[in-house]
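Below: one structure in structure tokens.
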Amino acid sequence: MTLIQVRTKMKTHKAADKRFIRTGTGIKRKQAGRNHGNGGFSAPSLSHLDSFVKVGNKGGHFKKLDKFLP
């Protein structure tokens with residue numbers, strides 16, 4: 001009789017799933033600083049904060065996100 005060890009599936013980290021978007025070329029995140037305290041900012045600078053930016057692959061953050069979002 002042979003035993004086969006089956007590895008369990010990786011689960012998605014739900015907090016990371018709500019904050020990051022996986023694309024074909026990497027991972028994107030929203031810009032910070034848009035929630036409150038920005039009454040004095042101009043409209044162009046606030047619209048700049050509405051966009052998504054690519055997560056850099058320097059440091060360990062990208063490796064952790066890669067595990068969190070299988």
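Only one of THR8, THR25 is β-branched (Val, Ile, Thr), under 21 Å from the mean Cα position of the chain (by Cα) and part of a loop (DSSP other than H, G, I, E, B). Can you tell me which?
THR25
Report, ordered by the first and then the second residue, all pairs with beta carbons closer than 7 Å, sequence separation of six or more or different chains, a first member in the stretch 26-52 that is farther than 21 Å from ALA15 by Cβ and surrounded by 11 or more Cβ atoms within 10 Å (Cβ to Cβ), and a second member that is at pLDDT 90 or above and small (Gly, Ala, Ser).
LEU49/GLY33
Please go through the stretch 53-70 and give me each residue that is in a loop (DSSP other than H, G, I, E, B) and either in contact (Cβ under 8 Å) with a residue 40 or more places away in the chain or surrounded by 12 or more Cβ atoms within 10 Å (Cβ to Cβ) (or both), ordered by number.
Passing the criteria: VAL55, ASN57, LEU69, PRO70.
Among the residues of the stretch 33-66, write down those that are basic (Lys, Arg) and modelled with pLDDT of 90 or more.
ARG34, LYS54
Only one of ILE4, ILE21 is surrounded by 10 or more Cβ atoms within 10 Å (Cβ to Cβ) and aliphatic (A, V, I, L, M). Can you tell me which? Let's see the steps before the verdict.
Values: ILE4 fails: surrounded by 10 or more Cβ atoms within 10 Å (Cβ to Cβ).
Checking each option against the conditions leaves just ILE21.
Against the conditions (1) closer than 22 Å to PHE68 by Cβ; (2) out of contact with any Ser or Thr (no Cβ under 8 Å at 6 or more places or on another chain), where does GLN31 fall short? Just the number, please.
(2)
Let me ask another. For the stretch 3-23, indicate whether the set of residues that are among the acidic types (Asp, Glu) and within 17 Å of LEU69 (Cβ to Cβ) is non-empty.
Checked the stretch 3-23: at least one residue is among the acidic types (Asp, Glu) and within 17 Å of LEU69 (Cβ to Cβ).
The values are calculated or read from the model by the stated rules, or taken from the named source; none is laboratory data. Treat the numbers as computed from the prediction; the structure is a model and nothing was measured. Note that we place each Cβ from the backbone using ideal geometry, even for glycine, and neighbour counts take in every protein chain shown.
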